[in-house]
Amino acid sequence: MEKAYKLLAMQEGISNKKAKDLIDRGLVYYLDKKIKIARAQMPNDIYFRVEELDKVKIIYQDENIVAINKPALLDTYELAEAIEEDETELIHRLDRDTSGVLLLARNSDFLEDAIEAFKQRKVKKRYVAWVEGVFCEEIKIDAPIATHKQGGKAFSEINEERGRPAVTIVKPLEIQGKKSKVEIEIMTGRTHQIRVHLSSIGHPIVGDERYGSVTRSKRILLHAKAISLLGYAFEAKEPKDIQKYK
């Protein structure tokens, strides 16, 4: 028996650090089961399957802004390296699991204007997701969200006393069996807002075990489809796992 990340490092001929990172990203499988704990003890003769990340695609760029379609399972801090842009700053962020349109500023003046637009809620963001259950009617969720650390990671919850205002609008798009595709617009930008709000109405995002999903998935099936600010409007093509469920 040996730790999973050490076995993977030997199998792939990579460093222990790189092997651990691949497991932490959710890219390593044994048969059809994702390896979640890098230090888990496993048989020495086990053979892992390693998924590859999709490539970062540039949607648009000019002297002010770079808009990209971020693949799932890529951290936002790695984007500048991925697109070979040293002089850019992130305007906003997406969770590692979330794919979709992400914006970087190319100069400080535009960055300041963009940050102010977010503060003034003059930015429109639209997402699509697959959720648990049959979702049939449009709903507006107005419930304050509080965030704290749990196990070293951010965890959010609806909290009437300590929470900050959060508003999410959810519309049905498609139903497939006991899963539904929905469109989401957020009026605010709290940590894990979409995930918490959807969970609170009994429709957690598929693959989001942290917030109640009972379905295994390679990632949380959430995609940032469109964003508009300061006269710009961008849309990111849906990846295959969002276009159609299974």
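Since every read-out is calculated from the coordinates, none of them should be taken as a lab result. What you see is a predicted model, and the numbers here were worked out from it, not measured in a lab. As a convention, Cβ positions derive from the backbone with ideal geometry for all residues, glycine included, and neighbour counts pool all protein chains shown.
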Open item on the list: Please pick out the residue among 195, 219 that is more than 18 Å from residue 155 (Cβ to Cβ), surrounded by 16 or more Cβ atoms within 10 Å (Cβ to Cβ) and in contact with an Asp or Glu (Cβ under 6 Å, 6 or more places away or on another chain).
Closed with: 219
- [ ] For residue 213, state whether it is assigned to a loop (DSSP other than H, G, I, E, B) and surrounded by fewer than 22 Cβ atoms within 10 Å (Cβ to Cβ).
- [x] no
Open item on the list: Quick test of your reading of the structure: residue 240 fulfils all but one of (1) out of contact with any strand residue (DSSP E or B) (no Cβ under 8 Å at 6 or more places or on another chain); (2) more than 30 Å from residue 65 (Cα to Cα). Name the failing condition by number.
Closed with: (2)
Task: Single condition residue 58 does not satisfy, out of (1) surrounded by fewer than 16 Cβ atoms within 10 Å (Cβ to Cβ); (2) more than 22 Å from residue 225 (Cα to Cα); (3) in contact with a strand residue (DSSP E or B) (Cβ under 7 Å, 6 or more places away or on another chain) - done: (2)
- [ ] Could you grab me the full set of residues in the stretch 84-125 that are of a type in the set (Asp, Glu) and under 20 Å from the mean Cα position of the chain (by Cα)?
- [x] 89, 95, 97
- [ ] Could you tell me whether the stretch 45-55 includes any residue that is surrounded by fewer than 16 Cβ atoms within 10 Å (Cβ to Cβ), touching a Pro at 6+ places or on another chain (Cβ under 9 Å), within 30 Å of residue 183 (Cβ to Cβ) and of a type in the set (A, V, I, L, M)?
- [x] yes
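In the stretch 222-244, how many residues are more than 27 Å from residue 115 (Cα to Cα) and surrounded by 17 or more Cβ atoms within 10 Å (Cβ to Cβ)? If you could, list the steps in order and put the result at the bottom.
Going through the stretch 222-244, the residues more than 27 Å from residue 115 (Cα to Cα) turn out to be 239-244.
Narrowing further to those that are surrounded by 17 or more Cβ atoms within 10 Å (Cβ to Cβ): 241-242.
Adding up the residues that qualify gives 2.
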TODO: Among the numbered conditions (1) under 20 Å from residue 150 (Cβ atoms); (2) touching a residue at least 24 places away in the same chain (Cβ under 8 Å); (3) crowded, with 21+ Cβ neighbours inside 10 Å, tell me where residue 206 comes up short.
DONE: (1)
